[in-house]
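Reading through the structure tokens given below for one structure.
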Amino acid sequence: MTRIEQAVRQSLGEIIPEELGVDLVSAGTVTEIEEQEGRVRLVVHPGYPCASRLPALRREIEERVTPLLEGRELALDLSVRIKPHRAQHDMPAMMQAANVIAVASGKGGVGKSTTAVNLALALHAEGAKVGLLDADIFGPSQPIMLGLPKGTRPETRDGNAFVPVMAHGIQTMSMGYLVTEQTPVVWRGPKASGALTQMMQQTLWHDLDYLIVDLPPGTGDIQLTLAQKIPVAGAVVVTTPQDIALLDAIKGVEMFRKVDIGVLGIVENMAVHICSNCGHEEHVFGQGGADRMGRDYDTPVLGSLPLSLRIREQADGGTPTVAADPDSAEARLYMDTARRMAARLSLTREGRRAFPKVVMQH
Ligand SMILES: Nc1ncnc2c1ncn2[C@@H]1O[C@H](COP(=O)(O)OP(=O)(O)OP(=O)(O)O)[C@@H](O)[C@H]1O
């Protein structure tokens, strides 16, 4: 390595993007530094979607590196490359989805689905190709949050494969598309788990960087099936700061660890209420619990969302916050959380790629 290459490497080793928490070199994003005639070629590939951050990162790199080049030109290739990351027991990634991320909660009603859809939209806004699977077989809520008209059905191909339904730029699939109000879902246990595997594998996901799976609450059959049959690169546990929700969240974290699925972090929802009249902040469900849990279980808090009327109205109205009002404070919190989640995943080991396989069977 030449003197200039060394100096460049060292200065890149001092740039620490907030969401990554480590420097560009340690994170493995610097794939090439080469002094050539009259110029230095530099290739930096962040492994997570961060379109909104690239201009500032480019400026920072240029400002630090250019003075070191002794008059040579800087040829900088700064672009995102999302790879598949290691799934449990080294299972190969799905062909059509590089990274499956499970969004779970220990108990119901903590806002897991709202969080999942906003995180999916945030990854999309940052430039990733994203799918969302509503795995809540018994109470699918994503079709409503995605604003899809009642009775929306996915197209089928060859009679047994579903074309994902596009909504706000992401590919989606939900049991809500397959059942009607007249056909109550009476499956339990193995049948429901079978339905999840089927939905996952018989959907023609197209070239996804991330498939976000919105799990039903708890630690039951569906979660177990996911752990056995589907390669999951990472999990996120959504919780409110209430003690009881936290205890349930701990069970969720432990469940994923037991089945060798990495927990990327905790998202704390409804952490603080901001009065829409006077702006007064109140910690409705207590304060600091997720931080404590994060420390005790060595799991970072990826983000903290307020209890906000807008989040509820926008989700329940079919255009979740990130799509409805991308510049709002709440949307920015979701974007920050999603970037941290994906950045943390980018630091885990690379996974095995799947071999081409025909999913459709007759
Ligand atoms: N941060 C928030 N502020 C205000 N309302 C919220 C927030 N997050 C979620 N909600 C609302 O809380 C309700 C429950 O949310 P959601 O359906 O996402 O929860 P869940 O944990 O997925 O529920 P379930 O256990 O039934 O699957 C919804 O009406 C949603 O709009």
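The values are calculated or read from the model by the stated rules, or taken from the named source; none is laboratory data. Since the structure is predicted, the reported quantities are computational estimates derived from the model, not experimental observations. Here Cβ is always computed from backbone atoms with ideal geometry, including for glycine, and neighbour counts include all displayed protein chains. Areas reflect the complete protein model, heavy atoms only, side chains present, ligands, DNA and RNA absent. Shrake-Rupley method; radii C 1.70, N 1.55, O 1.52, S 1.80 Å.
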Filter pass, G127 being under 30 Å from S11 (Cβ atoms), open to solvent by 40 Å² or more (accessible area, probe 1.4 Å) and in the same structural domain as G169 (by TED's automatic domain parsing): yes
Where I16 falls short, out of the listed (1) open to solvent by less than 50 Å² (accessible area, probe 1.4 Å); (2) touching an Asp or Glu at 6+ places or on another chain (Cβ under 7 Å): (1)
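Residue-by-condition table, conditions (1) among the acidic types (D, E); (2) touching a Lys or Arg at 6+ places or on another chain (Cβ under 7 Å); (3) more than 16 Å from the ligand (Cβ to nearest atom); (4) not in a helix (DSSP H, G or I):
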site	(1), (2), (3), (4)
I33	no, yes, yes, yes
K83	no, no, yes, yes
A116	no, no, no, no
A120	no, no, no, no
Any chance L24 is closer than 25 Å to G351 by Cα, assigned to a loop (DSSP other than H, G, I, E, B), without any contact (Cβ under 8 Å) to a residue 60 or more places away in the chain and open to solvent by less than 50 Å² (accessible area, probe 1.4 Å): yes
Qualifying residue in the range 338-352 (condition: open to solvent by less than 50 Å² (accessible area, probe 1.4 Å), within 14 Å of the ligand (Cβ to nearest atom) and of a type in the set (A, V, I, L, M, F, W, C)): no
Hey, A102 under 16 Å from Y210 (Cβ atoms), within 16 Å of the ligand (Cβ to nearest atom) and touching a Ser or Thr at 6+ places or on another chain (Cβ under 9 Å) or not: no
Residues of the range 52-72 classified as among the polar types (S, T, N, Q) and touching a residue at least 60 places away in the same chain (Cβ under 8 Å), total: 1
Which listed residue is under 30 Å from Q198 (Cα atoms) and loosely packed, with under 15 Cβ neighbours inside 10 Å, from P92, P67: P92
In the range 290-321, the residues that are open to solvent by 10 Å² or more (accessible area, probe 1.4 Å), more than 7 Å from the ligand (Cβ to nearest atom), part of a loop (DSSP other than H, G, I, E, B) and farther than 20 Å from A342 by Cα: G317, T319
Residues satisfying the stated conditions in the range 326-337, i.e. more than 10 Å from the ligand (Cβ to nearest atom) and open to solvent by 50 Å² or more (accessible area, probe 1.4 Å): P326, D327, A329, R332
G252 being out of contact with any Cys (no Cβ under 6 Å at 6 or more places or on another chain), within 13 Å of the ligand (Cβ to nearest atom), touching a residue at least 60 places away in the same chain (Cβ under 8 Å) and in the same structural domain as T115 (by TED's automatic domain parsing): yes
Selection count where residues are within 7 Å of the ligand (Cβ to nearest atom), in contact with a helix residue (DSSP H, G or I) (Cβ under 7 Å, 6 or more places away or on another chain) and open to solvent by 10 Å² or more (accessible area, probe 1.4 Å), scope the range 105-114: 2
Residues of the range 258-298 satisfying the condition of being farther than 20 Å from A331 by Cα, modelled with pLDDT of 90 or more and of a type outside the set (A, V, I, L, M): K258, D260, G262
